[in-house]
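Input: a single structure, listed below in structure tokens.
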Amino acid sequence: MRIEIPEEKKLVHQMLMPIRWGDMDAFGHVNNTVYFRYMEQARVEWITSLGYDVAPGDASMLMINGFCNFYQQVSYPGELILKTFIGAIGRSSIDLFTSMSLTTAPDVIAASGGATMVWVDLKTNKSAPWPQHVLDHLR
């Protein structure tokens, strides 16, 4: 099953990610699970670029689901362009999407995926409305 990435989304971050030798599996291409680590790193860099710490405090943005669509195999050596987009912003959640392309073929999407992130009060372990200062960054 392929999950469609919505057309309406806003580019909020871009980064380069080297493909490491250890990212590959016995078939000689990047293992599917590693793409989730690439998307995680893109989310972490985006969040820290906003001035937030990813270490837990009293509240944090947590992932509640994730997916990845694979279009083209990639392997070492290489470098990926990871682009992070935001989609719908809810009361306490946001949809994030990441596209991954090789720097040698930036217009060809190798994989794309996404995650739903929720603002959580870590004292109660319940979702909470976005604080205004976070909404200001998201909008």
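The values are calculated or read from the model by the stated rules, or taken from the named source; none is laboratory data. Here the structure is a predicted model, which is why all the values come from computation and not from measurement. Heads up, the Cβs are rebuilt from the backbone with ideal geometry, glycines too, and the neighbour counts pull from every protein chain shown.
In table form, for the structure just shown:
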{"item": "Residues of segment 75-99 that turn out to be within 19 Å of residue 14 (Cα to Cα) and over 18 Å from the mean Cα position of the chain (by Cα), as a count", "result": "1"}
{"item": "Complete set of residues in segment 20-49 that are of a type in the set (A, V, I, L, M, F, W, C) and without any contact (Cβ under 8 Å) to a residue 24 or more places away in the chain", "result": "26, 27, 34, 44, 47"}
{"item": "Residue in segment 76-128 that is farthest from residue 64 (Cα to Cα), counting only those that are outside any loop (DSSP other than H, G, I, E, B) and of a type in the set (Lys, Arg)", "result": "83"}
{"item": "When residues of segment 4-47 are limited to those that are of a type outside the set (Ser, Thr, Tyr) and in contact with a Cys (Cβ under 9 Å, 6 or more places away or on another chain), the one surrounded by the fewest Cβ atoms within 10 Å (Cβ to Cβ)", "result": "32"}
{"item": "Unmet criterion (only one of (1) part of a strand (DSSP E or B); (2) in contact with a helix residue (DSSP H, G or I) (Cβ under 7 Å, 6 or more places away or on another chain)) for residue 54", "result": "(1)"}
{"item": "Filtered residues of segment 36-51 (kept if touching a helix residue (DSSP H, G or I) at 6+ places or on another chain (Cβ under 9 Å) and at pLDDT 95 or above)", "result": "37, 38"}
{"item": "Residue list for segment 1-28, restricted to those being of a type in the set (Val, Ile, Thr) and within 16 Å of residue 113 (Cβ to Cβ)", "result": "3, 5, 12"}
{"item": "Options 90, 114; residue that is surrounded by 11 or more Cβ atoms within 10 Å (Cβ to Cβ) and touching a residue at least 12 places away in the same chain (Cβ under 8 Å)", "result": "114"}
